[in-house]
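First up is the structure itself, then whatever we jot down about it.
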Amino acid sequence: DAGVTQSPTHLIKTRGQQVTLRCSPKSGHDTVSWYQQALGQGPQFIFQYYEEEERQRGNFPDRFSGHQFPNYSSELNVNALLLGDSALYLCASSGDRDYEQYFGPGTRLTVT
Amino acid sequence: AQSVAQPEDQVNVAEGNPLTVKCTYSVSGNPYLFWYVQYPNRGLQFLLKYITGDNLVKGSYGFEAEFNKSQTSFHLKKPSALVSDSALYFCAVRPKRVDRLAFGKGNQVVVIP
């Protein structure tokens, strides 16, 4: 049973560029959440997708957007990248019967 | 607003000694509480949760945590630490009707052989 998978593992982008990160949830899970973990900090909630719609959102600007596909996989898009967007981006999935969320290995984004 | 405090940046403990990682929280109502562990260049691994019932919950790898409602705390414990327990530990809270986690800043645990 595959857990949560994310791609790519690492990514280097330049300021002003756009980036797309991908996530496949754990088998049987239909809800995907995205978190940003800056160096030395705890993860911060970006948004959550359920039934292909954004269900809730944290305190992140509109440059951060997402999508969920019919197979429950999800994308996180960040436009007009800033140096401060450099972080580990974590995807987490959960199902109807779960209280906890299960995390993927993350994508390390470096903006230069 | 919800917040989680993990007051110590780093916890050093000798192998075989008891390990405690502290967590206090501030959130309305009775939240769900969690501990996660993160190894270098890895995502977060779920350790244990408190939902309701017995204040002492047991989790993976010999870890347990004690919920104290009056002190709004949820401290993580292990009776005998292993060198392999060296990692970054995060406490998280989740309001009952909202499926989103708020994390503390994390505690680096160093187990000394």
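So if I take the centroid of the Cα atoms in the range A:4-26 and the same for the range A:48-112, what is the distance between those two points in Å?
That distance is 10 Å.
Rounded, prolate or oblate: which fits the range A:5-111 when a ≥ b ≥ c are the square roots of the eigenvalues of the alpha-carbon gyration tensor, with rounded for a/c under 1.5 and prolate only if a/b beats b/c?
Prolate, since a/c reaches 1.5 and a/b exceeds b/c.
Among A:94, A:35, B:21, whose Cα sits farthest toward the positive end of the charge dipole of the protein assembly as shown (+1 at Cβ of Lys/Arg, -1 at Cβ of Asp/Glu, about the Cα centre)?
Highest projection toward the positive end goes to B:21.
Alpha carbons only, please: Rg and Dmax for the range B:1-66, in angstrom.
13.2, 39
With a ≥ b ≥ c taken as the square roots of the eigenvalues of the C-alpha gyration tensor of the range A:25-67, please select rounded if a/c is under 1.5 and otherwise prolate if a/b is larger than b/c or oblate if it is not? Before the final figure, lay out each step's value.
Working: a/c = 2.79, a/b = 1.39, b/c = 2.01.
It comes out oblate by the Cα gyration axes.
Using the eigenvalues of the Cα gyration tensor, what equivalent ellipsoid semi-axes result for the protein assembly as shown when each is taken as the square root of five times the eigenvalue, whole Å, largest first?
29, 20, 16
Leaving out ligands and nucleic acids, and using a 1.4 Å probe, what accessible area per residue does the range B:3-112 come to in Å²?
47
Once you keep just the Cα pairs under 8 angstrom separated by 6 or more residues, what percentage relative contact order results for the range A:5-111?
37 percent.
Checking an interface number: how much accessible area is buried between A and B, summed over both chains, with a 1.4 Å probe, in Å² rounded to 100?
1600
Suppose every Lys and Arg Cβ carries +1 and every Asp and Glu Cβ carries -1, with no other charges. What dipole size does chain B come out with about its Cα centre, to the nearest 20 debye?
That gives chain B a dipole magnitude of about 440 debye.
Hey, what's the Cα Rg ratio for the range B:32-113 versus the globular rule of thumb, 2.2 N^0.38 Å?
1.09
Using a 1.4 angstrom probe and counting only protein chains, how large is the accessible area of residue A:62 in Å², to 10?
Using a 1.4 Å probe on the heavy atoms, I get roughly 140 Å².
Residue B:96: which lysines have alpha carbons under 25 Å from its alpha carbon, excluding same-chain residues fewer than 8 sequence positions away?
Straight-distance partners of residue B:96: A:26, B:22, B:49, B:58, B:69, B:77, B:105.
GluC sites (Glu not before Pro) within the range A:27-88: which are DSSP loop residues with at most 10 other Cβ atoms inside 10 Å? Don't jump to the answer; show the numbers that get you there.
On the way: sites: A:51, A:52, A:53, A:54, A:75; in loops: A:51, A:52.
In loop regions of the range A:27-88 (DSSP not H, G, I, E or B), the sparsely surrounded GluC sites (Glu not before Pro) are A:51.
Accessible area of the protein assembly as shown with a 1.4 Å probe: how many percent of it is carbon plus sulfur?
Taking all protein chains in place, the protein assembly as shown shows 48 percent carbon and sulfur surface.
The values are calculated or read from the model by the stated rules, or taken from the named source; none is laboratory data. None of these values were measured; they are calculated from a predicted model. All Cβ positions, even for glycine, are placed from backbone atoms using ideal geometry, and neighbour counts span all protein chains on display. The accessibility values were calculated without ligands, DNA or RNA, using every heavy atom of the protein model including side chains. Shrake-Rupley method; radii C 1.70, N 1.55, O 1.52, S 1.80 Å.
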